[in-house]
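Peer 1: So that we are looking at the same thing, I have put the structure below in structure tokens.
Laboratory data are not the source of any read-out in this text; all were calculated from the coordinates shown. Small disclaimer: the values here were computed from a predicted structure and weren't measured. Cβ placement follows ideal geometry from the backbone for every residue including glycine, while neighbour counts extend to all protein chains displayed.
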Amino acid sequence: MNRKKALLTLLITLAIAWGSIGAMLLAGWAPKLGLDLQGGFAVVLVGPEGTDADTLDTAVEIMRRRIEELGSVQEPEISVQGERSIVVQLPGVDDRERALEAVGTTGEMSFRPVFGLVQVSPALTDPDGDHPENLDPVTGLSDPDDVHATIAYLPSEDGSFVYIVGPAFLTGADMKGGRAQFSGTGGLGGAGGWVVVPEFTDDGGEKFRLATGELAIYQVGSPQRRLAIVVDGVVGSAPEVAAGVSPDEGLDPNQVVITIGSSDNPQAESEDLAAILNYGALPTTFERERVESVSASLGADSLKAGLIAGLIGLALVMVYMIVYYRILGVVAMLGLTVFGSFLVGALILLGEFQGTTLTLAGVTGVVVSIGITLDSYIVYFERVKEESHAGRPLRPSIDHAYPGAFSTILKGDTVTFLAAILLWLLAVGPVKGFALTLGIATVVDVFVSYYYTRPGTWLVAHSALGDGGWFSVRGAMGKKSSQASTSVEPVEVTS
Amino acid sequence: MSVLTRMYRGETHFDFVGISKKTLIVSAALVVLSLLMLLVRPLNLSIDFTGGVIVTVENEADVDITVIRSSLADIGQAGARVQLTGEGFILIQTEALDAASQDELVQTAGGVAGVEVNEVTIDAVGPTFGAEVTRAAIQALVVFLFVVALFITWRFEWKMAVAALAALFHDLIITAGFFALAGFIVTPATVIALLTILGYSLYDTVVVFDKVNENVELMHDRYTYTEIVNTSMNQVLMRSINTSLTSLLPVGSLLFVGSFAFGAHTLREFALALFIGIAIGTFSSIFVAAPLLATWKEREEDWVVARKRAMRRRSGDGSAVIVENASAAPTVVPAMPSAPTGASGAAARAPRKRKKRR
């Protein structure tokens, strides 16, 4: 390392760290706070009379998974309340409608044969005809929809058509899951668009093959050749079985995509449908009883106390580090601002683009990570001291101690990073928030150690503060006089 | 030179492995006591795990959340979760209560909100951190421990992985035992604190073992494993002390400010779990993980040979002051010719059968 390289590395790191956080703050971005810190809103969902406890528990679990799959909302609090209600508390996210949609809709999905396609429900045009039961008197549509009814009247997505459909060939239970993806030809009229690729169970795949074979006997262009894909009583789309499909063979279930009809946000919609396919339908329908805003559960007083405590703690740490490591302590404190800038920057970005929220658990992750990054300095400085006490001259010690220290830091951070990754992947709820900040912090720590601490320490040691008495690097080594060794200190060996 | 000066200069020669013969007994006793404690007095789980009751009352008096919390604290419900809704209601969640305390809660809630008692509604509420979430967390933990064990085995060796995990369980069990003893409420935040402790404990142990491994390479043909461990511990002593101090200072101030100065009960248990856990984590990497490793490794054939050779050499030139006692550890640690990374001299002698290493 030489002066020019060290200075350049240091300046670039500082510019990126402080510049990016400064820009974000100027743009008015700040980390999004979670439910416990900032409050949010609560929705009370009520199941039908006589819903049993198991059904409610299953529903809670499905709702939790759906929300986590949305990715835009972190750490909801969902619990059963009273006899048949579920309370969902969500942080104050922007697209609350979408989150409500995810928890509130049953998500029952079915593939059905189309018997006919009309403008207005036959129940309205021909009141005396033979119609299915459970029709809404105003719209003439089936409500609630029973997927196994021999005939049902269901609206199209935009409400302009009414599909007359038969009993389900297969339902959500025949599917293992689905994933949303952008397809070059998946949209309306062959244009690019968002689609959901469903994954069938073995049974479901066979049912799908038979169903499409059955439909393939109808003429191309006939409504009966279409397959209605119904979600929660609405026909999402009704693609026609392609010309040339043999009635004996049907369609290959591995080559199916579900297109998303006209929508303001087809990506969100396809993701939501995929979430529904992945976690199944709610075991019963829930009425949304009320939506209301709720305050932070931790309370402003606790938050304030926590912040004050954090600042006091940080001040104590600062005093200790500077008294113990002198100028090197100052290097560490400056490094803490670099570390903090990167960490907070990452949290802000995640908040902006992923809707990730910071809860008490996440804040703990931050506090813990401060300990981890300080340890990286201590490991390094103690090694420098050790080298120096073994008789190595001051400046070579600085260089020589780094590789070993970095190796230790890397191992320690790897263990913590592993922990964070696994917790993130496997756990749910608050544990996830904690894992996220901790994981980011270990990566930042390694980065800061290499691109800030190393050049920063080198520069300080080669400046007037390297050798100048009590506060200098030499002072921190516990060596009073620099007379004896400066005279014999060899020419710098660059590494 | 005083002990402190020597510590500062990194020139201490404490016989950690020797001392640990006594501390290991204390550790084992604490672990057993904690386990018994957990059996006798199970952990006091918060409403997030167990569910409880929720009281809803209109906030007629328009009181502040702090006021509500302090009147709840007066009837022994300091741990209650209080929220205000945008529609002017107060929500209070507590653990399941007996009839008398439930009446008391309803009366207090009505009183503080300024409404009649019959306008207060009370309802059962299920857990938010229910069985499924707990199961997922435990699964994550088990997989994590397995992967960490693999990692340590890969970077170091499997005996170190076992020693590190032993220290880890030591920390977790004692912290949990303390919670059972004190009867503190375990919240999801406490679970996070335990995970933190887990991270600290492992991190600390990895740092110590890294040093041991490095010293094994430099010193293996002159010293016994126990001596190498002791030397390593002395070398990392100041790091351990400084790291735990700098970690404990913020947590300590959280504990102090959070619980005494501002009455923020929510933070107290959390900070306490962290404080105890970090302190024990530092202790265990020095007094549990490393001594266990040393005792275990001393039984390996290579190290038995190394020990004999070291003893022979020392009795030959008479320069060292080793006193062999009944146990494996010498009571005096030789003054190490501080041999930093890669310094020449340590490997002058022809090496014996080399250990596998990276």
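Peer 1: Within 11 Å, Cβ to Cβ, of B:Thr243, how many net charges do the neighbouring residues add up to if Lys/Arg are +1 and Asp/Glu are -1?
Peer 2: -2
Peer 1: In peptide B:235-243, how many Cβ atoms from other protein chains are near each Cβ within 10 Å, on average? Don't skip to the end; give the middle numbers.
Peer 2: Values: counts 4, 6, 1, 6, 11, 3, 1, 11, 9.
Taking all residues of B:235-243 together, the mean is 6.
Peer 1: Counting other beta carbons within 10 Å of each Cβ, put A:Ile151, A:Ile12 in order, fewest first.
Peer 2: Listed from fewest to most nearby Cβ atoms, that is A:Ile12, A:Ile151.
Peer 1: Within a 10 angstrom radius of the beta carbon, how do A:Ser293, A:Ser449 rank from fewest other beta carbons to most?
Peer 2: In increasing order of surrounding Cβ atoms, one gets A:Ser293, A:Ser449.
Peer 1: Per-residue Cβ counts within 10 Å, from other chains only, averaged over B:66-73: what number is that?
Peer 2: That average works out to 1.
Peer 1: Go through B:27-40, A:379-392 and give me the packing order, highest mean Cβ count within 10 Å leading.
Peer 2: The densest-packed peptide leads the list: A:379-392, B:27-40.
Peer 1: Okay, next question. For region B:131-253, what relative contact order do you get, as a whole percent, if you take Cα pairs closer than 8 Å and at least 6 residues apart?
Peer 2: Relative contact order here is 18 percent.
Peer 1: Tally Lys/Arg at +1 and Asp/Glu at -1 over every other residue whose Cβ is under 12 Å from the Cβ of B:Ala279; what's the total?
Peer 2: After counting each charged neighbour, the total is -2.
Peer 1: Grab the DSSP H runs of the protein assembly as shown that are 4 residues or longer, score each as -39,500 (n - 2.57), total them, divide by all residues and round the 222 nm result to the nearest 500 deg cm²/dmol.
Peer 2: Values: 27 runs with 461 residues, N = 853.
Taking each H run of at least 4 residues, the total per residue is -18000 deg cm²/dmol.
Peer 1: Another question about this same structure. Tell me, B:Trp303, A:Trp18 in order of fewest to most beta-carbon neighbours within 10 Å?
Peer 2: Lowest to highest Cβ neighbour count: A:Trp18, B:Trp303.
Peer 1: How do A:436-447, A:364-375, A:119-130 rank on mean C-beta neighbours within 10 Å, highest first?
Peer 2: Details: A:436-447: 22.7, A:364-375: 24.4, A:119-130: 12.4.
Highest-to-lowest ranking by the protection proxy: A:364-375, A:436-447, A:119-130.
Peer 1: Beyond 32 Å between alpha-carbons counts as too far, so tell me which of B:Lys22/B:Lys308; A:Lys304/A:Lys432; A:Lys304/A:Lys411; A:Lys5/B:Lys211 fall in that bin. It would help to have the intermediate numbers written out before the result.
Peer 2: Numbers: B:Lys22/B:Lys308 25 Å; A:Lys304/A:Lys432 24 Å; A:Lys304/A:Lys411 36 Å; A:Lys5/B:Lys211 30 Å.
Result: A:Lys304/A:Lys411 exceed 32 Å.
Peer 1: To the nearest whole number, what is the average tally of beta carbon atoms from other chains within 10 Å of the beta carbons of peptide B:144-151?
Peer 2: Shielding by partners across B:144-151 averages 4.
Peer 1: For A:Asp36, what is the net charge nearby, where nearby means another residue's Cβ is under 9 Å from its Cβ and Lys, Arg count +1, Asp, Glu -1?
Peer 2: With Lys, Arg at +1 and Asp, Glu at -1, the neighbours total -2.
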